[in-house]
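Below: one structure, written as structure tokens.
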Amino acid sequence: MPVFQISANDNNLGEYRGETAAEALDAYARDAGYRDYADVAAQFGDDASALQIDVGALTKAAGEYFNAAVFQDAYGSGVAVIDGMSFDNYTQLAEAIGRRVWDFKV
């Protein structure tokens, strides 16, 4: 399932999965205690955006940067393990290689 970075007012609000950007925004809204994103937009305005992350390109770039295999973090709560280092999310993984997650947008 695709991964989206949700942001609003220049703040990174986290990464959420969804088949579409709208589904990812709904997941973010539910995580924040709302019914869906329409509920958030009705109360605070529609200022959030969902950027789909090219997870394959990012993990490939990270593997090349570290010259090591990239594995899914199946035992932890992160998204990737490289050479014993666990990364909590794709934003953190991109920053570890000196890039920004939006460098890997779909």
Sites excluded, trypsin sites (Lys or Arg not before Pro) in DSSP loops with at most 15 other C-beta within 10 Å, longest stretch of the chain = 36-98
note = Cβ-Cβ cut-off under 13 Å around F4, Lys and Arg +1, Asp and Glu -1: the net charge is -4
request  = Enter the angle in degrees (range 0 to 90, nearest 10) between the Cα long axis of helix 55-66 and the first principal axis of the Cα atoms of the chain, meaning the one along which they spread out most.
outcome  = 30
inquiry  = How big is the dipole moment of the chain about its Cα centre under a simple scheme where the beta carbon of each Lys and Arg is +1, that of each Asp and Glu is -1, and everything else is neutral? Debye, nearest 20, please.
reply    = 200
query = Mind listing which GluC sites (Glu not before Pro) in region 11-106 are in a DSSP loop and have 14 or fewer other Cβ atoms within 10 Å?
reply = E19
query = When only alpha-carbon atoms count, how far does region 3-53 stretch along each of its three principal axes, as whole angstroms with the largest first?
reply = 28, 22, 14
ask   = What's the percent breakdown of Cα-Cα distances in the chain across 10 Å bins, shortest bin first?
value = 15, 44, 28, 11, 1
³J(HN,Hα) computed for each position of region 38-50 - Karplus, 6.51 cos²θ - 1.76 cosθ + 1.60, integer Hz, glycine/proline x = 4, 5, 4, 4, 5, 8, 10, x, 9, 10, 8, 10, 10
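Quick note: the coordinates plus some simple rules give every number you see, no bench work behind them. Being a predicted model, the structure only gives us computed values, none of them experimental. In this analysis, Cβ positions are derived from the backbone assuming ideal geometry, glycine residues included, and neighbour counts consider all displayed protein chains.
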